[in-house]
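The values are calculated or read from the model by the stated rules, or taken from the named source; none is laboratory data. What you see is a predicted model; the values in this text were computed from it and never measured. Counting neighbours? That spans all protein chains shown, and the Cβs are built from the backbone with ideal geometry, glycine included. Surface areas here come from the heavy atoms of the whole protein model, side chains and all, with no ligands, DNA or RNA. Shrake-Rupley method; radii C 1.70, N 1.55, O 1.52, S 1.80 Å.
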Amino acid sequence: KIKSTYADALPLTINKKTNKIHTTYMQTGTQTGRLSSKDPNLQNIPVKSEVGRKIRKAFIPQKGNLIISFDYSQIELFLLAEFSSDSNLFTAFNENEDIHLKTASLIFGKKIDEVTKDERKVGKTVNFGVLYGQGAFALSEDLNITRGEAATFIEKYFSSYSGVANYIHNIKELCREKGYSTTFWGRKRSIPEINDKNKLQQANGERMALNTTIQGSAADLIKIAMIRIDKKFRELDLKSKLIMQVHDELIFDVLANEKDQVIEVVKEGMESGFDFKLKLKTSMEMGDNWGELH
């Protein structure tokens, strides 16, 4: 797949005039409002495999420049903590705790320093499972455990994070009543499925309602940040450029002499001036090519 989709296909998409690859970003390609990329799709080049990283190494900045990426750290869990105001989750983010360790310690009834690597993995899977509206069946498949064990994990999660349980319940009820769900900034998504007589359709609608408030708000957030950053770059007459958006990450082609200024502008644009109680955080990486990041 990597050979046919990237190694063979990418060179064919190089623009004859600019000698660069230009992807097309679509605003309407996803249900949640995230930008999607096509011709070529640069958002799903695998980062975890060695061969995927080799493909990313082919992406280089202008001569003499650096590639710098800024990534929102665990943005969806951050937004869940922010919107639900759950005391355990909120405190974990506020005090910079490892959120997957925290969840593992709560569902296994252990102190944080006693949690094993495998238990942390379970904590991570449960955190994201809840976020995407997974039930016991899907979670049991992901963790390769019985449905009963998965149901117990979910139960323990919701009793530890009761604020999250209330928040999810309220989101679903509101959507049932109105027939739509909204992002933090008020963008609406119509979800008639939530009132369908078919139970599967209903469950699908419930997942969409939660997805809209969390993933949809994350999509809005990064777009607002991109607009702010672009505006500031123009004001300061910076020659560095935002060249890619990959979900919660922005990637820049940066002139060496503008590096410090770019870092300051981007961090400010991504982290400040939002009406949140929690402090947004970004992580930054730089290198001579895209493959050196992560």
Over the chain, what is the relative contact order in whole percent, taking alpha-carbon pairs under 8 Å and six or more residues apart? 26 percent
When all protein chains stay in place, what accessible area (Å², nearest 10, 1.4 Å probe) is found for LYS156? 90 Å²
Candidates ASN211, ASN127, ASN96, ranked by Gaussian network fluctuation over the chain, Cα under 10 Å, top entry: ASN96
Could you tell me the center-to-center distance, by alpha carbons, between the stretch 76-120 and the stretch 228-250 in angstrom? 33 Å
Dividing the alpha-carbon Rg of the stretch 182-267 by 2.2 N^0.38 Å yields what? 1.55
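Could you check what % of the DSSP bridge pairs in the chain are antiparallel, to the nearest 5?
100 percent
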Candidates per trypsin sites (Lys or Arg not before Pro) in the stretch 105-134, loop by DSSP, up to 16 other Cβ within 10 Å: LYS110, LYS111
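With each run of n ≥ 4 DSSP H residues scored as -39500 (n - 2.57), what mean residue ellipticity at 222 nm is computed for the chain after dividing by its residue count and rounding to the nearest 500 deg cm²/dmol?
Mean residue ellipticity, 222 nm, calculated: -15500 deg cm²/dmol.
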Top of ASP71, ASP142, ASP113 by mean-square fluctuation, Gaussian network on the chain, Cα under 10 Å: ASP113
Over the chain, with a Gaussian network built from C-alpha contacts below 10 Å, which listed residue (GLY148, GLY133, GLY52) shows the highest mean-square fluctuation? GLY148
Span per principal axis, largest first, for the Cα atoms of the stretch 66-123 (Å): 44, 28, 17
Please state the equivalent ellipsoid semi-axes for the chain: what are the square roots of 5 times the Cα gyration tensor eigenvalues, largest first, in whole Å? 35, 22, 21
State which helices in the chain qualify, where a helix is a whole DSSP H run, it must extend 15 Å or more along its own axis by its Cα atoms, and its mean Kyte-Doolittle hydropathy must be at least -1.0. 117-131, 147-160, 162-178, 199-235, 259-271
Loop sites in the stretch 69-152: chymotrypsin sites (Phe, Trp or Tyr not before Pro), DSSP, at most 14 other Cβ within 10 Å: TYR132
On a 1.4 Å probe surface of the protein chains, which of GLU173, GLU193 comes out largest in accessible area, and what is the full order? GLU173, GLU193
In the structure shown, do any of LYS1/LYS281; LYS16/LYS232; LYS57/LYS117; LYS38/LYS172; LYS38/LYS267; LYS17/LYS38 have a Cα-Cα gap over 25 Å, and if so which? LYS1/LYS281; LYS16/LYS232; LYS57/LYS117; LYS38/LYS172; LYS38/LYS267
GluC sites (Glu not before Pro), restricted to the stretch 101-149: which are DSSP loop and have at most 12 other Cβ atoms within 10 Å? none
For HIS247, what accessible surface area do you get with a 1.4 Å probe? Give it in Å², rounded to 10. 80 Å²
Average accessible surface area per residue within the chain, 1.4 Å rolling probe, Å²: 54 Å²
Where MET270, MET26 fall by accessible area, highest first, once all protein chains stay in place (1.4 Å): MET26, MET270
At 1.4 Å probe size, with the rest of the protein present, what percent of the exposed accessible area of the chain is carbon and sulfur atoms? 51 percent
Taking amide H atoms as placed 1.01 Å from N in the peptide plane, list the residues 5 or more away in sequence, or in a different chain, whose amide H sits under 5 Å from that of ILE21. ASN15
